[in-house]
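One structure is given here, and the rest of the page talks about it.
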Protein chains: 2
Amino acid sequence: MHTLSLHAIPNIPEIKPGDDLAVILGDAIEAAGLSLQDGDVLTSAHKIFSKAEGRIVNLADVTPSEEAQGYANELNKDPRKVEVILQESTRVVRHFKRPTQNEGTMICEHRLGFISANAAVDESNSGADETLILLPEDPDASAARMQEALSKRFNAQIGFAITDTFGRPWRLGQVNVAVGLAGVPATIKEQGNSDAHGRLLSVTEPAFADELAAASGLVISKAGQTPVVLFRGLNWSFEASSAQDLIRSKKEDMFR
Amino acid sequence: MHTLSLHAIPNIPEIKPGDDLAVILGDAIEAAGLSLQDGDVLTSAHKIFSKAEGRIVNLADVTPSEEAQGYANELNKDPRKVEVILQESTRVVRHFKRPTQNEGTMICEHRLGFISANAAVDESNSGADETLILLPEDPDASAARMQEALSKRFNAQIGFAITDTFGRPWRLGQVNVAVGLAGVPATIKEQGNSDAHGRLLSVTEPAFADELAAASGLVISKAGQTPVVLFRGLNWSFEASSAQDLIRSKKEDMFR
């Protein structure tokens, strides 16, 4: 019987700019009485990476552009926050303020290609008032550094995924998706495989990294201090990978 | 430490119309040496429900309409399949044939409100050639009957979710989402809760049922015979729920 286990790593401390996250995470894993084994995958909410890398903006330091002020007036948003969102974006795909919203939403194409609300700029859990948290500069590279450090420390070939919480255009609520990958396949191509009746599975390509990201949401809590989840018992093979492999190209996008 | 386990239930036989799925599934759980406990959640790919309920269409019995023939010509699809897709839909949201596709895609609003490719009409795993599998007539009701039967048999309050595999407009690969719910919260509202720094989490509402559905994809395989997954160790409370609660209303939809 195929059994998969997910462990939320406890007691990860508040992260500050400049912290060595690999050491902190390795220590937390050991302190929990765990080790890492070949085939383990770890996921982490991006925020601890963003904080360690100093990807924090103090609103007091931001001067909004005229464009930002325009969106801010229309959407009842802080113009300085809008300015940061625009700086993280290559394009605003939609913007709106629903009657139920105090503050409107900007659906943006992030400079890394992700389509998400407010260009993944976040207010909560920053550790201080009046600050915003951005995605890491290069989440794939952040994941790769962590993957290398932990693989070395625990002498095990592991995978690492960095996640963020995204909404969906047609479904309510949010799920975590992968924004940075190291070793973890983005998708698993079942093209060419056959189903149990010998029929070719022509278009089946499970988004493995996003399945992991979504699953991690079952054991982490926004309100808690457990951003990191250890998966043990997965069927996967280590490969060079990038969260960019999860992004549908503009050419194939029917909804942008 | 918070640990969650996922078990794929082995040895579920090929399902035929009229089969008593609750008996078959309960027997498979017992044969695997498992039982059900209060707080367990089971997910199942919809196909075994569709088959048991006879939601199978023989292509030879379908007469395509003129509208179906039009889409079929444009998209290189079987006009009979298009006819079934149209019958399952209230609206075609987008239709296109990418250069890489042999057969084009119709993004439809299913009669139950879900926005998905081909109105969730599926060709694989039907157990016979030239047939299509539809979603159950009322997946919430199917989930509720199963939830009641298994809760009674194992004397445990469990939750049950029926899933389907959906694409995403801006991300590659597919993830499973919930299309029928019994007892399992659709989303978990964290509004009003505070984060670790006392800041109000004003818009955080994890799509709990979709997190479960996506996670199930990590242990089931399209090619295999393990459509049912047992989750043990979740934090949740039983509530009256419906997969309809996961559907964004037309009024709030910016991309339909």
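Looking for whichever is without any contact (Cβ under 8 Å) to a residue 60 or more places away in the chain and over 22 Å from the mean Cα position of the chain (by Cα) here; the options are B:88, B:66. Which one fits?
Matching residue, one of B:88, B:66: B:66.
Can you confirm whether residue B:36 is more than 14 Å from chain A (Cβ to nearest Cβ) and in a helix (DSSP H, G or I)?
no
Out of everything in segment B:204-256 that is among the β-branched types (Val, Ile, Thr), at the interface with chain A (Cβ under 8 Å from one of its Cβ atoms) and open to solvent by less than 20 Å² (accessible area, probe 1.4 Å), what residue ends up being farthest from residue B:22 (Cα to Cα)?
The extreme case among them is B:204.
What are the residues in segment B:5-23 that are part of a helix (DSSP H, G or I) and crowded, with 16+ Cβ neighbours inside 10 Å, if any?
B:21, B:22
Please go through (1) assigned to a loop (DSSP other than H, G, I, E, B); (2) open to solvent by 40 Å² or more (accessible area, probe 1.4 Å) for residue A:60 and return the number of the only condition it doesn't satisfy.
(1)
Using beta carbons and a limit of 7 Å, which pairs, at least six apart or on different chains, have the first residue in segment B:74-85 and in the same structural domain as residue B:105 (by the TED database) and assigned to a loop (DSSP other than H, G, I, E, B) and the second one modelled with pLDDT of 95 or more and not β-branched (Val, Ile, Thr)?
Within 7 Å, the pairs are B:77/B:71; B:78/B:72.
In this structure, does residue B:48 turn out to be buried (at least 18 other Cβ atoms within 10 Å of the Cβ) and either farther than 28 Å from residue B:22 by Cβ or of a type in the set (Lys, Arg) (or both)?
No, not satisfied.
For residue B:90, all conditions in the list (1) closer than 21 Å to residue B:244 by Cα; (2) facing chain A (nearest Cβ under 10 Å); (3) in a strand (DSSP E or B) hold save one; what is the number of the exception?
(2)
Which residue is farthest from the chain's Cα centre (by Cα), if the candidates are limited to segment B:143-158 and must be buried (at least 20 other Cβ atoms within 10 Å of the Cβ) and assigned to a helix (DSSP H, G or I)?
First, the residues of segment B:143-158 that are buried (at least 20 other Cβ atoms within 10 Å of the Cβ): B:143, B:146-147, B:150-151, B:158.
The next check asks that each one be assigned to a helix (DSSP H, G or I); those that pass are B:143, B:146-147, B:150-151.
Details: B:143: 11, B:146: 15, B:147: 15, B:150: 19, B:151: 21 Å.
Checked segment B:143-158; the qualifying residue farthest from the chain's Cα centre (by Cα) is B:151.
Rundown of residues vs (1) more than 22 Å from residue B:105 (Cα to Cα); (2) at pLDDT 95 or above, yes/no style:
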site: B:14; (1), (2): yes, no
site: B:18; (1), (2): yes, yes
site: B:23; (1), (2): yes, yes
site: B:29; (1), (2): yes, yes
site: B:34; (1), (2): yes, yes
site: B:40; (1), (2): yes, yes
site: B:44; (1), (2): yes, yes
site: B:76; (1), (2): no, yes
site: B:79; (1), (2): no, yes
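Looking only at residues that are away from chain B (no Cβ under 14 Å) and free of Cβ contacts under 8 Å to residues at least 40 places away in the same chain in segment A:1-22, which one is nearest to residue A:145 (Cα to Cα)?
Among residues in segment A:1-22 that are away from chain B (no Cβ under 14 Å) and free of Cβ contacts under 8 Å to residues at least 40 places away in the same chain, the one nearest to residue A:145 (Cα to Cα) is A:20.
Could you list all residues from segment B:159-192 that are in contact with a Gly (Cβ under 6 Å, 6 or more places away or on another chain) and either assigned by the TED database to the domain that holds residue B:105 or not in a strand (DSSP E or B) (or both)? Show your work before the answer.
The first filter runs over segment B:159-192 and keeps only residues in contact with a Gly (Cβ under 6 Å, 6 or more places away or on another chain), leaving B:159, B:162, B:174, B:176, B:183-184, B:187.
Within segment B:159-192, B:183, B:184, B:187 meet the criteria.
Of the residues that sit in segment B:93-120 and are of a type in the set (A, V, I, L, M, F, W, C) and open to solvent by 30 Å² or more (accessible area, probe 1.4 Å), which one is modelled with the highest pLDDT?
Keep residues of segment B:93-120 that are of a type in the set (A, V, I, L, M, F, W, C), which gives B:93, B:96, B:106-108, B:112, B:114-115, B:117, B:119-120.
From what is left, the residues that are open to solvent by 30 Å² or more (accessible area, probe 1.4 Å) are B:112, B:117.
Numbers: B:112: 97, B:117: 94.
If we take residues in segment B:93-120 being of a type in the set (A, V, I, L, M, F, W, C) and open to solvent by 30 Å² or more (accessible area, probe 1.4 Å), then B:112 is modelled with the highest pLDDT.
Please work out if residue B:90 is in contact with a His (Cβ under 9 Å, 6 or more places away or on another chain) and open to solvent by 20 Å² or more (accessible area, probe 1.4 Å).
Considered against the rule, which asks whether it is in contact with a His (Cβ under 9 Å, 6 or more places away or on another chain) and open to solvent by 20 Å² or more (accessible area, probe 1.4 Å), residue B:90 comes out as yes.
The values are calculated or read from the model by the stated rules, or taken from the named source; none is laboratory data. These numbers come from a predicted model, not from an experiment. Because the Cβ atoms are built from the backbone with ideal geometry, glycine has one as well, and the counts that use them run over all protein chains shown. These area figures cover heavy atoms from the full protein model, side chains too; ligands, DNA and RNA do not enter into them. Shrake-Rupley method; radii C 1.70, N 1.55, O 1.52, S 1.80 Å.
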